[in-house]
Each structure stands twice: as structure tokens, then as C-alpha cells.
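K.L.:
I'd like to ask some things about the structure below.
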Amino acid sequence: MKGWMGKFRMLFLFGALSLILSGCGVDNISALKPEGYGSELLFDLMLISIAIMLFVFVIVMAIYTFVIIRYRQKKGQEDYIPKQTEGNKALEIIWTVIPIILLLVLAVPTVQATFDLADNSGSEEEGAINIEVTGNQYWWHFNYKGQEISTSQDLYIPKDKRVHLTMKSTDVIHSFWVPSIAGKMDTNPGDNQNTMSLEAYEEGEYLGQCAELCGPSHSLMDFRVIAVSQEEFDQWVEDMKNVDPEAQPESDVAREGQELFNNNCMSCHAIGSAPAGVGPNMTNFANRSKIAGILDPTKENLVDWIVHPDEIKPGNQMPSNLVNEDEAEKIAEYLLQLDHTDVTPESAEQN
Ligand code: HEC
Ligand SMILES: [Cu+2]
């Protein structure tokens, strides 16, 4: 019994592991639960390749089992050597042609999907939404072309509509990846801009991540795509266009914070439609689902970030200790009231 257990120990271990690990994962970042155009294409490719692999596996295993049973050594025939065969033209042609056919079945839809993912036809049409995506160490910027809307970290799109992305980077190569709704596309520095189309079939907040190792905080380079109804999106566009970057906050503390922010932070940050600077655009900051892509949006976390961004995202481009903790508290008060629209991640029904 013990020997038997010993032999199968690894099997038990991996069996248990696969059961436990199958409980991991978050719905809104799973390529196995496609809810958009690109991810659906990719999921279909996965199904085709699994089907082909299963087909090969089952047939090979069947022949293997048959041969083991049928041709095993029999009692009293220990010295028997069967007839030796070398080469069989018919068989060899068969087992060369079958894999070629299988690879073609796999290759044709894969190449097709590769082009479909990057397909940007329709981007010139009336009413098309064109967004320029910029990857930066370690944050994302989105520029809605022709709309004078500039946002960072949260990408708002209407559901059920193909939006068109052109992608670039200000430093190293990053990769834009929203597993639940989209494929994955590199953002390159220089003029080599990639294109991609994006569509979510359901309202919701979808998690995105950088998928190209780009520095010490690569794994913290998160962002979100927020798909809302067409009406909410129109409202959002309207609100974003009418942001007054100099609007005075109501409370005295926030007003002091505003002055501190204008003096210490505006060299890199912007509010309103200004194009991307060295740091993220702060428009609608109060409605961000995360601070810097990763922290829960509490005042405490915000103050921590403002004073010590390097401790939270090593190697990021925002200097530490620009202001002291007292000043950071006031700035936080100001930033957390930058509520420029009623369309928020909550308006996209949680999926
Ligand atoms: C030298 C340029 C620079 C200055 C000056 C600067 N920042 Fe930043 N800031 C950045 C960069 C770059 C990031 C993005 C960091 C990252 O996520 O990798 C950032 C990110 C942030 C974020 C998170 C934004 C988001 O979208 O979630 C906040 C909040 C912030 N900065 C506040 C401040 C405040 C307050 C000041 C002034 C005290 C300030 N910054 C000064 C460059 C700067
Ligand atoms: Cu990156």
C-alpha cells in the first residue's frame, strides 16, 4: 500500500494543486470569460487548438494502448523476434500529411484573427471613436482624438461599439492588454505605431495590465477600461469637455490644496483637456477606481502616494518629498473633490 501511495504521490500533488489553483482568478481579467471582440476571437482560437490537440492525443493514445496490448511478449515466446520492417511509404505519407492539414486548420484562423485584431477600418467613418493610447513608465494615457478629451488610467468607452486605438510609448516598449475584452498590443516608442480595435459587449469595469516587462514597477502598471451605455458615454464626453481646470473648490482646506497643487505639481500634471504631460492627467480624479492604478482611493493612501511614490511604485517618474505630510493632506482634499461627471465606474454595472 505504501509503495503504491509513493508512486502516485506526484499525481496527488498536482491533482490537488490544479483543484486549488482553479479557484484563483478574477472575473474581470480572465481571457477564459471573453466579453469583448478581441478576447472572443482569441478564445475561439484557444478552443480550436485544444480540439486539435485532443484529437491527436486521443488517436495516438488509442494506437499506443492497442500496440502495447496486442503485441506484448507472450508466455513461451520469449525468444520470438517478429518480422522486421523498415520504411513504409504509405504510412509515412499519411503521418506527414495529417499534421500538415492540422497545422493549416490552426494557421488559417490564427492569421485571420491576427489581422482582425489590428483592424482599424472604420476609424475614418463619421462618429468613429479614435483614441490615442500612450504607455509610460508606469501609467497609461488616453487621448480622444478630435474631442479634446485627455484622461489617464481609466479608459471610458461605450459598450457594443468598436473603438479604434493607435498606440505609442514615451519611453520603453509596453503592451496594452485587457484580457476580458481585448487582445494584446505593444506600444512602441518612436513612429512605429500599432493599431487595435476594442469593443466590450457588456457594461462593466475591465482590468488591464501592461504585458511587456518594462522596469521595476511593470507588474504595478494597471489600468481600467470602463464600458458604459451609449447615453452615459455621451454624457461623459459632454462633461469632460466642459471641465474648468481652475474651478474653485468649496472648502478652505481644498482651496489651500489647490494652491499647493498648482505650485508644486502642475509642471507634470494637468487638469482638463491639456495633452499628456510628464505625469497623469488629473481630470475626474475623484472617480478613479484606483490611485496610480493600484491603491484603493482613500485619502490615507493618496497622502502616502503624494509623499512617497517611490515606496509604492519603485522607479516611477514622480519625485518623492515634494511636499510634507500636512501639505499632502490639503492637496488630497483638493484632488478628491475633482468630481467632473456623474458617469463613474459604478455606473457601469459590476459584472
Ligand atoms: C516630475 C513630475 C511630477 C511632479 C512634479 C509630480 N508628479 Fe505626480 N506623478 C508623476 C508621474 C510620472 C506619475 C505616474 C506614476 C506612476 O504611476 O508610475 C504621477 C502620479 C501621480 C498620482 C496618481 C495619479 C493617478 O492617475 O492615479 C497622483 C495622485 C500624483 N501624481 C500627485 C502629485 C502631486 C500631489 C504632486 C505635487 C506635490 C505631484 N504629483 C508632482 C509625475 C509628477
Ligand atoms: Cu509596461
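The values are calculated or read from the model by the stated rules, or taken from the named source; none is laboratory data. Quick caveat: nothing in here was measured; it's all calculated off a predicted structure. Cβ sites come from the backbone with ideal geometry, for glycine too, and all protein chains shown count toward neighbours. Surface accessibility is based on the protein's heavy atoms, side chains included, excluding ligands, DNA and RNA. Shrake-Rupley method; radii C 1.70, N 1.55, O 1.52, S 1.80 Å.
K.L.:
Relative contact order for the chain: what percent, with Cα pairs under 8 Å and sequence separation of 6 or more?
P.N.:
Values: 588 pairs, mean separation 58.9, N = 351.
So the answer I get is 17 percent.
K.L.:
Which residues does the label zone of residue 294 cover in the range 319-336, counting backbone N under 20 Å from a point 7 Å along Cα→Cβ?
P.N.:
Output list for this probe position: 319-322.
K.L.:
Could you give the dipole magnitude of the chain about its Cα centre, charging the beta-carbon of Lys and Arg +1 and that of Asp and Glu -1, in debye to the nearest 20? Could the numbers behind the result be given before it?
P.N.:
Working: 24 positive and 51 negative charges, 702 e Å.
Here the size comes out at about 3380 debye.
K.L.:
What shape does the chain take by its C-alpha gyration tensor, where a ≥ b ≥ c are the square roots of the eigenvalues and a/c under 1.5 counts as rounded, a/b above b/c as prolate, and the rest as oblate?
P.N.:
Prolate.
K.L.:
For the range 252-335, with only Lys/Arg (+1) and Asp/Glu (-1) charged at the beta-carbon, what is the dipole magnitude about the Cα centre, in debye rounded to 20?
P.N.:
480
K.L.:
Right, something else. Roughly speaking, to the nearest percent, how much of the range 252-335's 1.4 Å accessible area is carbon and sulfur?
P.N.:
46
K.L.:
Hey, rough spin-label estimate for residue 120 and residue 96, points 7 angstrom out along Cα→Cβ, what's it come to in nanometres?
P.N.:
4.4
K.L.:
Each label point is 7 Å from the Cα along the Cα-to-Cβ direction; what then is the distance between the points at residue 339 and residue 86, in nm?
P.N.:
Distance between label points: 8.5 nm.
K.L.:
Now for a separate question. As a test, work out the antiparallel percent of DSSP beta bridges whose residues both lie in the chain, rounded to the nearest 5. All intermediate terms of the calculation are to be shown ahead of the outcome.
P.N.:
Values: 29 of 41 bridges.
The antiparallel proportion sits near 70 percent.
K.L.:
How large is the convex hull of the C-alpha atoms of the range 1-142 per residue, in Å³? It would help to have the intermediate numbers written out before the result.
P.N.:
On the way: hull volume 35.3 nm³, N = 142.
Given the Cα convex hull of the range 1-142, per-residue volume reads 249 Å³.
K.L.:
Assuming a ≥ b ≥ c are the square roots of the Cα gyration tensor eigenvalues, decide whether the range 252-335 counts as rounded (a/c under 1.5), prolate (otherwise, with a/b larger than b/c) or oblate. All intermediate terms of the calculation are to be shown ahead of the outcome.
P.N.:
Values: a/c = 1.21, a/b = 1.04, b/c = 1.16.
Because its axes are fairly even, with a/c under 1.5, the range 252-335 counts as rounded.
K.L.:
Probe of 1.4 angstrom, ligands and nucleic acids ignored: what's the accessible area per residue over the range 252-335, in square angstrom?
P.N.:
Value for the range 252-335: 46 Å² per residue.
K.L.:
Past the 32 Å Cα-Cα mark, which pairs from 161/330; 168/241; 184/330; 145/290?
P.N.:
161/330; 184/330
K.L.:
I've got another one for you. Determine the relative contact order of the range 106-155: mean sequence separation of Cα pairs under 8 Å and six or more apart, normalised by residue count, in whole percent.
P.N.:
This gives 20 percent for the range 106-155.
K.L.:
Please report the spacing between the Cα centers of the range 71-93 and the range 209-268 in Å, no decimals.
P.N.:
73
K.L.:
Using a Gaussian network model on the chain with a 10 Å cutoff between Cα atoms, which of 249, 82, 34 fluctuates the most?
P.N.:
Most flexible of the set in this elastic network: 82.
K.L.:
Among 95, 139, 127, which residue has its Cα positioned farthest towards the positive end of the charge dipole of the range 86-140, with +1 placed on the Cβ of Lys and Arg, -1 on the Cβ of Asp and Glu, and the dipole taken about the Cα centre?
P.N.:
95
K.L.:
Multiplying the sequence separation of residue 244 and residue 193 by 0.36 nm and subtracting their Cα-Cα distance, what value in nm do you get?
P.N.:
Full extension from residue 244 to residue 193 adds 15.2 nm.
K.L.:
Under a cut-off of 20 Å between alpha-carbon atoms, report the lysines in cross-link reach of residue 83, not counting same-chain residues fewer than 8 places apart.
P.N.:
List returned: 74, 75.
K.L.:
Pulled fully out, how much extra length does the chain show between residue 67 and residue 46, if you take 0.36 nm times their separation in residues and subtract their Cα-Cα distance?
P.N.:
Gain in length upon complete extension: 4.4 nm.
K.L.:
Moving on to the next point. With each pseudo-label sitting 7 Å past Cα toward Cβ, what's the residue 60-residue 252 distance in nm, one decimal?
P.N.:
Result: 7.7 nm between the two label points.
K.L.:
Mind running the shape call on the range 193-271? Use the C-alpha gyration tensor, a ≥ b ≥ c as the square roots of the eigenvalues: rounded below 1.5 for a/c, prolate if a/b tops b/c, oblate otherwise.
P.N.:
The shape class here is oblate.
K.L.:
How would you rank 311-324, 158-171, 45-58, highest first, on the average number of other Cβ atoms within 10 Å across their residues?
P.N.:
Per-residue mean Cβ counts within 10 Å order the peptides as 158-171, 311-324, 45-58.
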